[in-house]
Structure formats: structure tokens, C-alpha cells
1. Can you tell me which residue in region 109-164 is farthest from the chain's Cα centre (by Cα), limited to those that are among the acidic types (D, E) and within 20 Å of K227 (Cα to Cα)?
2. Any residue at all in region 223-237 that's out of contact with any helix residue (DSSP H, G or I) (no Cβ under 6 Å at 6 or more places or on another chain), within 10 Å of the ligand (Cβ to nearest atom), under 28 Å from V154 (Cα atoms) and open to solvent by 60 Å² or more (accessible area, probe 1.4 Å)?
3. Could you list, in sequence order, the residues of region 83-114 that are in contact (Cβ under 8 Å) with a residue 24 or more places away in the chain and farther than 17 Å from W55 by Cα?
4. S86 versus (1) more than 16 Å from the ligand (Cβ to nearest atom); (2) closer than 30 Å to N181 by Cβ; (3) open to solvent by 80 Å² or more (accessible area, probe 1.4 Å): which is the lone unmet condition?
5. Could you tell me how many of the residues in region 197-221 are surrounded by 15 or more Cβ atoms within 10 Å (Cβ to Cβ), more than 10 Å from the ligand (Cβ to nearest atom), under 14 Å from A131 (Cβ atoms) and touching a residue at least 40 places away in the same chain (Cβ under 8 Å)?
6. Does any residue of region 151-172 turn out to be open to solvent by less than 40 Å² (accessible area, probe 1.4 Å), under 16 Å from C242 (Cα atoms) and of a type in the set (V, I, T)?
7. Evaluate region 120-135: report whether one residue or more is assigned to a helix (DSSP H, G or I) and farther than 30 Å from V158 by Cα.
8. Inspect region 109-117 for any residue being among the polar types (S, T, N, Q), part of a helix (DSSP H, G or I) and surrounded by 14 or more Cβ atoms within 10 Å (Cβ to Cβ) and give the result as yes or no.
Amino acid sequence: MPAPFKCFTRVILISLLALVSAAHAEVRQTSVWWLPRNVNMFGHEIDFIFYLILWLTGVTAVAVFSVMIYFLVKYRARPGIPAIHSHGNNALEVIWTTIPVFIFLALAIYGNEQWTQMRLRTPPADALPVAVVGEQFGWNVRYPGPDGKLGKMVASKVGKDNPFGIDPADPEGLDDFTTYNDIVFPLNRPVRLYLGSKDVIHAFYVPEFRLYQDMVPGRVYDFVWLKAEATGNFQLACNQLCGQGHYKMFGKLSVVEEADYQTWVKSKTPTPTASVEKSNPVPVSLVKK
Ligand code: CUA
């Protein structure tokens, strides 16, 4: 097949593939061409800095290109008019270097401060702890029982039958309950996440929360927290290519009123790690080692 045809066939094939995967994805109803709505307490600052940078760069781009096009036309080569040799203008150079320096510094300081608020400030003590552990290819989710406390997660104890790395004898873990690919957050209540991974690197990503956190195996990330400010149904997507099933690694995430959240919790029965361990004894081949 001649080269242009080969290329054309490839383009058609890629377009078809893109169409098929788009059909699989959940269709967004609102704001299809722009950012999805924000429902997280921390999202306002992220959106603010996004729009600020967009305006700054947008206005600068329009101004620079307008002046450039005007000068290109005005000073185009014409017969009989000699070219002028310019060696620059020091005052201008200083001005257009100093202004961007201050803009960049301001953006960096503001961004750093917001990041500190989001990730380095200790989550409120009354935050609801929720553990989310990624695996190929789904999300293990663990909620505290009536005691309001999650069993302690130890990254080195994470294993095939113990995705959360919880000591089966830990009394705080006995009333916990777990779900798979199903997360419910109460409205207007801080939620402290405990993120981990069972196998490879995954990422916790919910665009409507403006929240993205990689989950590297061997670590428990306990500094991410959020507060949902609106109810709705969202999708928790894995945002690190983690294997062949990466595309289907998404979970249902909804934000509901506190009363509905309590009803949902009551409908769940505890699934303590202890009973899981008993029904799945460690294989003899592993014990020998
Ligand atoms: Cu997990 Cu991609």
C-alpha cells in the first residue's frame, strides 16, 4: 500500500478507536466543553488560580500577537526604504523582565499557600476517616463502624487478602465495613482519606473535587482531606496507567445529605479483617517460608 494510504488508514483506525472509547465513557451532562463543576471546599482557590493564569496569559498573548502583526505589516520590506538596525532598548528590557518576575513570584507564593492549606494543614479532628485502596482494577473502600474509628492501616501488612493492611486483632477495626467501587460521602462534613495501593501505582482522581493523588504501594497517604459542598453523583477514576484494565478502574462516588448517609451506613454490616482472615487461611506454601 502506498505511504499516504497507510497513513490515512491509520488515522481512520485511531479515530474509530477514540469514538468507541468515548461511547464507553460516562456522558457528562453539563459543562461538556469546560471544567466540570466544583463541589469541594478547596476547589474554589484552584479554580481561581486557573482562571487568573488563563486571563493573564490570554490577555498577554492577544496583546503580543496584535503588536507583532501590526509591526510586521507596518515595517514590511518595501523597495526604496532602507532597513533600520536597532540594538534594543535597555529601559524597555528592564521593564518587561521585571513585571513578569513579580507576576510569577505572586503566583508562586499564592499557589504555595493554597497547596499548604490543602495538603499540609492537619485535617479537622472530627473528620470522617475513609480508607481507599486501589488494586488492579478496582477500589477497596473501608468505613469506620459506630466507634467512628478505622482500624490502623500499616503499609507493610497490605497483602492479597488484607488490602488495607489492618491487624485482624485491632479492636478499632472490628466494626468497620467495606465496599467495592462504591463511595458515599456526607454533605458538608470533612472527610479524611487514607489512600493506599495493593499492587502498582494508581491515582485517586475526582475532577469535581479538583483532587488528584497518586497512590504508591508501600505507603499510606493520610494527609488528603476534602469537604463536599453539594450533593450529586460523580466518578472516581484511576489516573495512572496501571495495566490492561486501567480503563475500567472507576468507582461510583456520591455525596448525600447526612441523614441519607446514616441510613446507608446502617444498611452495611461490619466486615472485619479478622473474619476475612479466618475464611481465607494463609496458604501452606507461604507459611513454610
Ligand atoms: Cu489503577 Cu489505572
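1. Pass one, region 109-164, residues among the acidic types (D, E): 113, 126, 135, 147, 161.
When the remaining residues are screened for being within 20 Å of K227 (Cα to Cα), the result is 113, 126.
Numbers: E113: 19, D126: 24 Å.
If we take residues in region 109-164 being among the acidic types (D, E) and within 20 Å of K227 (Cα to Cα), then D126 is farthest from the chain's Cα centre (by Cα).
2. Restricting attention to region 223-237, the residues satisfying the condition of being out of contact with any helix residue (DSSP H, G or I) (no Cβ under 6 Å at 6 or more places or on another chain) are 224-225, 227-233, 235-237.
Remaining after also requiring within 10 Å of the ligand (Cβ to nearest atom): 237.
From the residues that got through so far, the ones that are under 28 Å from V154 (Cα atoms) too are 237.
From what's left, open to solvent by 60 Å² or more (accessible area, probe 1.4 Å): none.
Among the residues of region 223-237, not one is out of contact with any helix residue (DSSP H, G or I) (no Cβ under 6 Å at 6 or more places or on another chain), within 10 Å of the ligand (Cβ to nearest atom), under 28 Å from V154 (Cα atoms) and open to solvent by 60 Å² or more (accessible area, probe 1.4 Å), which makes the answer no.
3. Within region 83-114, the subset in contact (Cβ under 8 Å) with a residue 24 or more places away in the chain is 103, 107, 110-111, 114.
Passing the criteria: only Q114.
4. (2) is the only condition that S86 fails.
5. Taking region 197-221 first, the residues surrounded by 15 or more Cβ atoms within 10 Å (Cβ to Cβ) are 197-200, 202-211, 213-217, 220-221.
If we keep only those that are more than 10 Å from the ligand (Cβ to nearest atom) as well, we get 198, 206-211, 213-214, 216-217, 220-221.
Now narrow it down to the ones that are under 14 Å from A131 (Cβ atoms): 198, 213, 220-221.
Restricting the remaining residues to those that are touching a residue at least 40 places away in the same chain (Cβ under 8 Å) gives 198, 220.
Result for region 197-221: 2.
6. No, region 151-172 contains no residue that is open to solvent by less than 40 Å² (accessible area, probe 1.4 Å), under 16 Å from C242 (Cα atoms) and of a type in the set (V, I, T).
7. Applying the first criterion (assigned to a helix (DSSP H, G or I)) to region 120-135 yields 120.
Now drop any that are not farther than 30 Å from V158 by Cα, which leaves none.
Scanning region 120-135, I find no residue that is assigned to a helix (DSSP H, G or I) and farther than 30 Å from V158 by Cα, so the answer is no.
8. Yes, there is a match, as at least one residue in region 109-117 is among the polar types (S, T, N, Q), part of a helix (DSSP H, G or I) and surrounded by 14 or more Cβ atoms within 10 Å (Cβ to Cβ).
The values are calculated or read from the model by the stated rules, or taken from the named source; none is laboratory data. As the structure is a computational prediction, the values presented were derived from the model and not from experiment. Note that we place each Cβ from the backbone using ideal geometry, even for glycine, and neighbour counts take in every protein chain shown. With ligands, DNA and RNA removed, areas are computed over all heavy atoms of the protein, side chains included. Shrake-Rupley method; radii C 1.70, N 1.55, O 1.52, S 1.80 Å.
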